Amino acid sequence: MLGDYRIVGRRASEIAASVEQGVGTGRLEPGQLLPPLRELAAELGVNPNTVAAAYRTLRERGVIETAGRRGSRVRPRPATTVRGSLRIEAPEGVRSVEKGNPDPALLPPLGEALAAAARRNAEEPVLYGRAPVDEDFARLARAALDADGVPDGPIAVTSGSLDATERVLAAHLKPGDTVAVEDPGWGSLLDLVPALGLRPVPVAVDDDGPLPGAVEGALRGGARALIVTCRAQNPTGAAVSAARAAELREVLGGRPEVLLVEDDHGHGFVDLPAHPLAGVTDRWAFVRSVAKAYGPDLRLATLTGDAVTIDRVLGRQGLGPGWVSLLLQRAVVHLWETGAVDARAVARAYGDRRDALVRALARRGVEAHGRSGMNVWVPVADETGAVARMLHAGWAVAPGARFRMMAGPGIRVTVSGLAPADIEALADAVAAAAGPMPARGYA
């Protein structure tokens, strides 16, 4: 069953560590069936309850999954296999369009904002016991949320949108619970869910966001939470339209117990309006990172939601990091108050590059998706071959395996570093690498 790998240990922690070591070294492969509880217990000379406790620990860590009588097996993508490791390092002479970074030229300078925050700190030092959210930050963040129709709720600040999502999921779910996630979707999120001991279930998307039927199926199958990207969905560029939002609200309307998490990281660099779903369920959270519009290293996101959710997040945050630096919060306040980012101009800059590439690919008969944001998703017949052919042509693209569960193969191209003169050459390379168009697209 396990080939030449032998699980060892007398205590549950030792048995779990032995399995994790096998997974981490690759000697236990994804999908590998593990011995039944009693069989392994007899082999190790321990009580079956000890093995059961070890397997429970491994499930909670996202290393294995159990399917009733079909037994326990290593997860297809265990938490120890980080999707971010599926990168293509561009060798010398190869252009990288795979990292998903914003264009540094479109980010505001931070010097004056940080200096303004430092001056205020000199006058009003931040010491222990202060409220975790700056008053001006909360006021401006709430005004922006109000403008987009996000329901009223308390404000929290987290270290980015992934931190917010992790805290919200941990506040309500327990290991083994199922979470509906977009497929293809953000690779870091697809890693995070099993790392929390939760079970991701894929929800297909198109250019307008998650498909209502797929969401309904996931919820009917027992999903306790749903995570939706409002705009600039990574990797497809999908943006939830008004019509799609209405359909999703109808699906969620009869399920008030579902935890809804919305990621609006596109705020500030996408010109399509947001159509929030927040408030249709009893427990909800809405998060906005400043990473793409103001700079990834600010490590800051606005989080709002129902009172219970935000209270739990703030309570747990207070027992860990305590708060996100008020210096950084005040620096972002300065950027907001001075209009350091012209959101429409930034959105137009990314949109021009993205649309130009999609049009160039269409002229070559290549299907491509990129309704918003800074990425273009191209379905391909042979993902590995397409990535290799792109490298040979002088371009490093992101392999779709980083972003998908059940969705068809594809590649992601980030347009933020492109100049107009790059478009035709890149489109030629993609068209040559993509091969015949897949039958089912990316949904």
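Brief remarks follow.
- Condition check for Arg249: of a type in the set (Lys, Arg) and assigned to a loop (DSSP other than H, G, I, E, B): no
- Residues of region 373-403 satisfying the condition of being assigned to a loop (DSSP other than H, G, I, E, B) and either assigned by TED's automatic domain parsing to the domain that holds Val270 or buried (at least 24 other Cβ atoms within 10 Å of the Cβ) (or both): Gly373, Met374, Val380, Val397, Phe403
- Residue within region 121-130 that is assigned by TED's automatic domain parsing to the domain that holds Asp264, surrounded by 12 or more Cβ atoms within 10 Å (Cβ to Cβ), of a type in the set (A, V, I, L, M, F, W, C) and not in a loop (DSSP other than H, G, I, E, B) present: no
- Only one of the listed residues (Arg371, Arg363, Arg359, Arg389) is closer than 30 Å to Ala301 by Cβ and not aliphatic (A, V, I, L, M). That residue is Arg371.
- When the strands (runs of 3 or more DSSP E) confined to region 134-238 are screened for residues that are farther than 20 Å from Thr309 by Cβ, those reaching at least 2 such residues are found at 178-183, 199-206.
- Condition check for Ala238: aliphatic (A, V, I, L, M) and farther than 21 Å from Gly410 by Cβ: no
- Check on Ala349, assigned to a helix (DSSP H, G or I) and either without any contact (Cβ under 8 Å) to a residue 24 or more places away in the chain or assigned by TED's automatic domain parsing to the domain that holds Arg231 (or both): no
- Taking region 244-266 as the range and being more than 22 Å from the chain's Cα centre (by Cα) and either surrounded by 19 or more Cβ atoms within 10 Å (Cβ to Cβ) or in contact (Cβ under 8 Å) with a residue 12 or more places away in the chain (or both) as the test, the residues that pass are Glu247, Glu250, Val251, Gly253, Arg255, Pro256, Glu257.
- Residue match in region 413-428 (condition: touching a residue at least 24 places away in the same chain (Cβ under 8 Å), more than 23 Å from Glu92 (Cα to Cα) and either in a strand (DSSP E or B) or not assigned by TED's automatic domain parsing to the domain that holds Ala293 (or both)): no
- The listed residue being more than 16 Å from the chain's Cα centre (by Cα), crowded, with 24+ Cβ neighbours inside 10 Å and not hydroxyl-bearing (Ser, Thr, Tyr), out of Ala307, Ala285, Ala301, Ala293: Ala293
- Residues that are surrounded by fewer than 16 Cβ atoms within 10 Å (Cβ to Cβ) and within 29 Å of Leu326 (Cβ to Cβ) within region 90-104 comprise Asn101, Pro104, listed in sequence order.
- Residue that is surrounded by the fewest Cβ atoms within 10 Å (Cβ to Cβ) [pool: residues in region 320-350 that are within 25 Å of the chain's Cα centre (by Cα) and among the aliphatic types (A, V, I, L, M)]: Ala343
- When the test is whether a residue is at pLDDT 95 or above, among the hydrophobic types (A, V, I, L, M, F, W, C) and either surrounded by 17 or more Cβ atoms within 10 Å (Cβ to Cβ) or touching a Leu at 6+ places or on another chain (Cβ under 8 Å) (or both), Val179 passes it.
- Any hit, region 29-46, residues being out of contact with any strand residue (DSSP E or B) (no Cβ under 9 Å at 6 or more places or on another chain), of a type in the set (A, V, I, L, M) and surrounded by fewer than 16 Cβ atoms within 10 Å (Cβ to Cβ): yes
- Region 201-218, subset buried (at least 24 other Cβ atoms within 10 Å of the Cβ) and either out of contact with any strand residue (DSSP E or B) (no Cβ under 6 Å at 6 or more places or on another chain) or of a type outside the set (A, V, I, L, M) (or both), residue nearest to His275 (Cα to Cα): Gly209
- Among the residues of region 26-37, not a single one is over 30 Å from Gly100 (Cα atoms), at pLDDT 80 or above and among the acidic types (Asp, Glu).
- Count of residues meeting criterion [in contact with a Pro (Cβ under 6 Å, 6 or more places away or on another chain) and either free of Cβ contacts under 8 Å to residues at least 40 places away in the same chain or part of a loop (DSSP other than H, G, I, E, B) (or both)] in region 272-302: 4
- Test result for Leu107, surrounded by 15 or more Cβ atoms within 10 Å (Cβ to Cβ), free of Cβ contacts under 8 Å to residues at least 60 places away in the same chain, of a type in the set (A, V, I, L, M) and out of contact with any Cys (no Cβ under 8 Å at 6 or more places or on another chain): no
- Test result for Asp136, out of contact with any strand residue (DSSP E or B) (no Cβ under 7 Å at 6 or more places or on another chain), modelled with pLDDT of 95 or more and in the same structural domain as Ala274 (by TED's automatic domain parsing): yes
The values are calculated or read from the model by the stated rules, or taken from the named source; none is laboratory data. Small disclaimer: the values here were computed from a predicted structure and weren't measured. Quick reminder, even Gly has a Cβ in these numbers, built from the backbone with ideal geometry, and neighbours come from all protein chains shown.
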